[in-house]
Amino acid sequence: MNFQLTNNVAVVADMLLAIEQIKTVFARRIRYMDMKQWDMYGGVHTDDAWSETYGDLPLDKQPQSNGQRNRVVGPQALARQIRYFMEHNTPVTSVHHAHRPEIEITSATTATGIWPMEDHLWWRNGDRDEFFHGYGHYHEHYRKVDGGWLICYRKLTRLRVDHTPGFYDRLD
Amino acid sequence: MNFQLTNNVAVVADMLLAIEQIKTVFARRIRYMDMKQWDMYGGVHTDDAWSETYGDLPLDKQPQSNGQRNRVVGPQALARQIRYFMEHNTPVTSVHHAHRPEIEITSATTATGIWPMEDHLWWRNGDRDEFFHGYGHYHEHYRKVDGGWLICYRKLTRLRVDHTPGFYDRLD
Amino acid sequence: MNFQLTNNVAVVADMLLAIEQIKTVFARRIRYMDMKQWDMYGGVHTDDAWSETYGDLPLDKQPQSNGQRNRVVGPQALARQIRYFMEHNTPVTSVHHAHRPEIEITSATTATGIWPMEDHLWWRNGDRDEFFHGYGHYHEHYRKVDGGWLICYRKLTRLRVDHTPGFYDRLD
């Protein structure tokens, strides 16, 4: 018998399962966002989750938390903020696509991920289309809570952004 | 000795292997389509596979099966229909990209998957380019047959579609 | 006790771990490229790695190795060449996205992968934007060296390419 081998296999299987679960919770958040299922959106985050993903917005339109710009804290606030961004005044059609990630399991209950991403947003401004088209990376942290993996932090960095001049007018 | 652990590891490894195989059969179908390898295309599907993925077409150009619009049944018909769509009158260049999926193993031999997707199609209409550019989700079902996973159902839902007015003229 | 089962599980877990590691080394290369971390770029390749990925360039601008066009050999040369391509005369913004791959483990230390891909490049030519937008497949080979997977070969085939007429002027 080879206990050593069995143990290693268990560790490997556990790690790979964690990676697959983390990728799936990531995919779920994106789908809830693009399908506008706001009541599901908060639940993929830990209670103390926070994000720094609104840095593209003009300074005066960025969400704030405790005086920090571009910061949203807590699952309910995260859901409320993205819903506001996607539906305030007029609905935005959004498509977020994420590509091959680098997931690192840093302990039995913590992990990080870097995801190349691209996002398209469109809305109708009277008789013309407003659009936003961006490219960048999501940098996320994950935590295992009650046997499942949740997102506890998210930052967005950009490689390039193109948008129409009136894209943010909707938020006035 | 820890039979419990060993058993769990076997279950986890089996499930993760199934997920990887399902992702690969998905990738293979897309590649056969974009590389126009029609003789390979049918074989990634079960004998009773069917699809509902032609809902973007004008109603009078959608394939039908037993009086149902937007329906194609069986591997041979699936291959014949996509080939017709891609090559009738003049060849279409296509690029289909699928992103982070949510795969669920629902039994030892069945599974489901949701895939964010984007597709580009181009063809030359005299002296101008016709294009189609769409975004949405594939919703698929899989079944294990003779030790390998195959696609048995596929539906396509859309978030957004843009195309030139003459894009479907080729199918007249 | 079921030695058979345990052995199979170990093989499956090993194979799945290899696949995840290969996907991660792929992702890392792409990130180093788009983030212009040239000192990291070479290290994801084996000492004898070579590429055939410059076939889009005009013939007189393709890199050569031993009289072969569209060929770059060795980690240092690979890093030097991509850096030249991305920064010569003026910096290029690049976004490379890779989609669902087909990874095949061909032995304990060798593997292959096919990756659908899309790349965007932009640079500023005086007062106008030059761009390149391509679609295709990476075909890679991998080898396990000192316990880690590295890239030893890369070819790029194209489905479609669009670019501005002056896109390659930067390399004059």
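The values are calculated or read from the model by the stated rules, or taken from the named source; none is laboratory data. What you are looking at is a predicted structure, and each value in this text was computed from that prediction instead of being measured. Here the Cβ is made from the backbone with ideal geometry for all residues, glycine too, and neighbour counts use every protein chain on show. Each accessible area value is taken on the protein alone, full model and side chains, heavy atoms only, with ligands, DNA and RNA left out. Shrake-Rupley method; radii C 1.70, N 1.55, O 1.52, S 1.80 Å.
P(r) tail for segment A:98-172, what percent of Cα pairs lie past 19 Å?
Result: 51 percent of Cα pairs exceed 19 Å.
What are the distances, in nm and sorted shortest first, from the label point of A:LYS61 to the label points of the same position in each other copy, with each label point placed 7 Å from Cα along the Cα-to-Cβ direction?
3.7, 3.7
Could you give the spread of the C-alpha atoms of segment C:7-122 along their three principal axes, from largest to smallest, in whole angstroms?
Dimensions of segment C:7-122 along the principal axes of its Cα atoms: 56, 30, 24 Å.
Taking the Cα centre of chain C as origin, work out the dipole magnitude from +1 charges on Lys and Arg Cβ and -1 charges on Asp and Glu Cβ, in debye rounded to 20.
I would put it at about 120 debye.
Distances from B:GLY148 to the same residue in each other copy, label points 7 Å out along Cα→Cβ, in nm, shortest first?
For B:GLY148, the inter-copy label distances come out at 3.5, 3.5 nm.
Nothing charged except the Cβ atoms of Lys and Arg (+1) and of Asp and Glu (-1): what's the magnitude of the dipole of the protein assembly as shown about its Cα centre? Round to the nearest 20 debye.
That gives the protein assembly as shown a dipole magnitude of about 300 debye.
Just by accessible area at a 1.4 angstrom probe, what is the order of C:PHE26, A:PHE131 from largest to smallest?
A:PHE131, C:PHE26
Can you give the percent of C-alpha pairs in segment C:70-118 whose distance is more than 14 Å?
69
If you average the C-alpha positions of segment C:15-89 and of segment B:101-172 separately, how far apart do those two centres end up, in angstrom?
31
Based on a Kirkwood Rh over C-alpha pairs, give the Stokes-Einstein translational diffusion coefficient of segment B:41-96 at 4 °C and viscosity 1.567 mPa s in µm²/s.
Approximately 109 µm²/s, per Stokes-Einstein.
To the nearest 10 square angstrom, how much accessible area does B:ARG29 have with a 1.4 angstrom probe?
10
What number comes out for accessible area per residue over the protein assembly as shown if the probe is 1.4 Å? Units Å², please.
On a per-residue basis, 45 Å².
Just checking the output field for C:133-139: average partner chain Cβ neighbours within 10 Å of each residue's Cβ?
Mean shielding by partner chains, rounded to a whole number: 2.
Quick one: label points 7 angstrom along Cα→Cβ at A:LEU171, distances to the other copies in nm, smallest first?
4.0, 4.0
Of the options A:PRO91, A:TYR54, A:ASN8, report the single residue whose Cα projects farthest towards the positive end of the charge dipole of segment A:1-122 (beta-carbon charges: Lys, Arg +1; Asp, Glu -1).
A:PRO91
List, by residue number, every residue in segment B:75-101 with a reduction of 20 Å² or greater in accessible area between the chain on its own and the complete protein assembly, 1.4 Å probe.
Those are B:THR93, B:VAL95, B:HIS97, B:ALA98, B:HIS99, B:ARG100, which lose 20 Å² or more relative to the chain on its own.
For chain A, find the longest principal axis of its Cα atoms and tell me its angle to the long axis of helix A:75-87, 0 to 90°, nearest 10.
Tilt of helix A:75-87: around 40 degrees.
Using the basic label-point model (7 angstrom from Cα toward the beta carbon), what is the C:THR164 to B:GLN37 distance in nanometres?
Calculated label separation equals 3.7 nm.
Using helices alone, I'd like the mean residue ellipticity at 222 nm for chain C: each DSSP H run of four-plus residues gives -39500 (n - 2.57), total over residue count, nearest 500.
-9500 deg cm²/dmol
Quick one: give the max-minus-min coordinate of the C-alpha atoms of the protein assembly as shown along each principal axis, largest first, in Å.
70, 61, 59
For chains C and A, what's the summed buried accessible area, probe 1.4 Å, to the nearest 100 square angstrom?
That pair of chains buries around 2100 Å² in total.
Mind scanning B:LYS61/B:LYS155; A:LYS36/A:LYS144; A:LYS23/A:LYS155; B:LYS23/C:LYS36; A:LYS23/A:LYS144 and naming the pairs with a C-alpha gap bigger than 19 Å?
A:LYS36/A:LYS144; B:LYS23/C:LYS36
Rounded to a whole number, what % of the accessible area of the protein assembly as shown do carbon and sulfur atoms account for, probe 1.4 Å?
48
Suppose each label sits 7 Å from its Cα in the direction of the beta carbon; what would the C:HIS139-B:THR112 distance come out to in nanometres?
3.8
Place a label point 7 angstrom from the Cα of B:THR90 along the Cα-to-Cβ direction, then list the residues of segment B:119-145 whose backbone nitrogen is under 11 Å away.
B:123-131
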